[in-house]
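Worksheet for the structure shown next.
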């Protein structure tokens, strides 16, 4: 496969390399064909064919030395430790560059969303990440700002397994503001990229990157998304690859939740309000979390509503319970040390 790695180093895209793998046993077999046959089989241009011919002359020894120096492991699709879930998507990457742990558990959920989170969205990411980690689920995201960064950092905080998939070479940290998180991921988690060293985070790399997030995950959770954005691309890819898609519902007048609400409305995503909604979907034999406390139906309604802090009036509007019922449930939740009052006349969960 190292001969094929020469193609990647020389700028041949992953889809073309996979077509070569699917149609030829080696580069020698490919080069034994006439040009017209190759062009037709691979559906490429003469320019790309010339690059393929030139690739065979490349010396990759220095590139491999750089990878070793940077402690980056190279995994090919023919290796036993290549993630099985990813191998089974329609367009898997032929190579993965990996920093950190080489561990790709099948109990995994991709968490995606906007870079510009609301407080509501942030609390949703934090809560779902914490509960998924406590249930032994690996968190996968894109190491970008916003939802991605919160998901990774929370997974690390609770000593969970987390994988970041980036859209650039592993010798370039992007975005720069995530440098500390990137370094923590190298130590405690995993960072992967299909792109060779030196690759810049070009905007067209991100949609390609998203298929790997979807491919590594048993399901995708969209925590907050505008009506357009990379997280919706990831959700669409996951749906097309027969992966489960979940979405956190948002207020109808929040533009940053329009994408989530549309996914739910179109039956692409399943509405989720707690981690058990995800765990039960896969029939995973995992411990149940936060909702093992002998809560009544009304207590559970109020607790679920407090994903973000709310006043009594907001709780009445959100739950359709009357004032007296709300007070009774809040009192019970306070006695169970699950809810507390905060400034501004609001109530919030106790983490």
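All of the numbers you see were taken from the coordinates with simple rules; none came from a lab. What you are looking at is a predicted structure, and each value in this text was computed from that prediction instead of being measured. Quick reminder, even Gly has a Cβ in these numbers, built from the backbone with ideal geometry, and neighbours come from all protein chains shown.
On full extension of the chain, what length is gained from residue 262 through residue 1, given 0.36 nm per residue of separation minus the C-alpha to C-alpha distance? Display every interim value, and only then the final one.
Numbers: separation 261, 0.36 × 261 = 93.96 nm, distance 4.28 nm.
Length gained, residue 262 through residue 1: 89.7 nm.
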### Query
What does a probe at residue 346 reach in the range 303-321, counting residues whose amide N is under 17 Å from the point 7 Å along Cα→Cβ?
303-319
### Task
Using 0.36 nm per residue of separation minus the Cα-Cα distance, give me the extension gain between residue 9 and residue 236 in nm, one decimal.
78.8 nm
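Efficiency by 1/(1 + (r/R0)^6): what FRET value for residue 46 and residue 277, r their Cβ-Cβ distance, R0 = 51 Å, to the nearest 0.05?
0.45
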### Message
From zero outward in steps of 10 Å, how is the percent of C-alpha pairs of the range 190-257 spread across the bins?
### Response
20, 44, 29, 7, 0
### Message
Taking R0 as 22 Å, what FRET efficiency do you get between residue 58 and residue 176 from their Cβ-Cβ distance, rounded to the nearest 0.05?
### Response
0.10
### Query
How would you classify the range 1-58 from its alpha-carbon gyration tensor, with a ≥ b ≥ c the square roots of the eigenvalues: rounded for a/c under 1.5, else prolate if a/b is greater than b/c, otherwise oblate?
rounded
#### Entry: 0 to 90° range, to nearest 10: angle between helix 147-157 axis and the chain longest Cα axis
80 degrees
### Task
Go from 0 up to the bin containing the longest alpha carbon distance in the chain, width 10 Å each, and give me the % of pairs per bin.
5, 23, 29, 21, 12, 6, 3, 1, 0
### Message
To check you understand DSSP bridge types, tell me what percent of the beta bridges within the range 216-351 (both residues inside) are antiparallel, rounded to 5.
### Response
50 percent
### Message
If neighbour count is taken as other Cβ atoms inside 10 Å, put 28, 318, 283 in order from fewest to most.
### Response
283, 28, 318
### Message
Only counting other Cβ atoms within 10 Å, I'd like 308, 112, 245 sorted with the fewest neighbours first.
### Response
308, 245, 112
#### Entry: Using alpha-carbon coordinates, inclination of helix 323-335 to the longest axis of the chain, degrees
70 degrees
### Message
Rounded to the nearest 5, what % of DSSP beta bridges with both residues in the chain are antiparallel?
### Response
40 percent
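Based on the Cβ-Cβ distance from residue 84 to residue 336, what FRET efficiency comes out when R0 is 41 Å, to the nearest 0.05?
That gives a FRET efficiency of 0.45.
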### Message
Using Cβ contacts closer than 10 Å as the measure, can you line up 74, 312, 263 from fewest to most?
### Response
312, 74, 263
### Summary
Yeah, the range 150-218 with a ≥ b ≥ c from its alpha-carbon gyration tensor (a/c under 1.5 is rounded, else prolate when a/b outruns b/c, oblate otherwise) is oblate
### Summary
The distance between the Cα centres of the range 292-351 and the range 1-24, in whole Å, is 57 Å
### Task
Could you state the angle between the C-alpha long axis of helix 14-23 and the longest principal axis of the C-alpha atoms of the chain, as a value from 0 to 90 degrees rounded to the nearest 10?
60 degrees
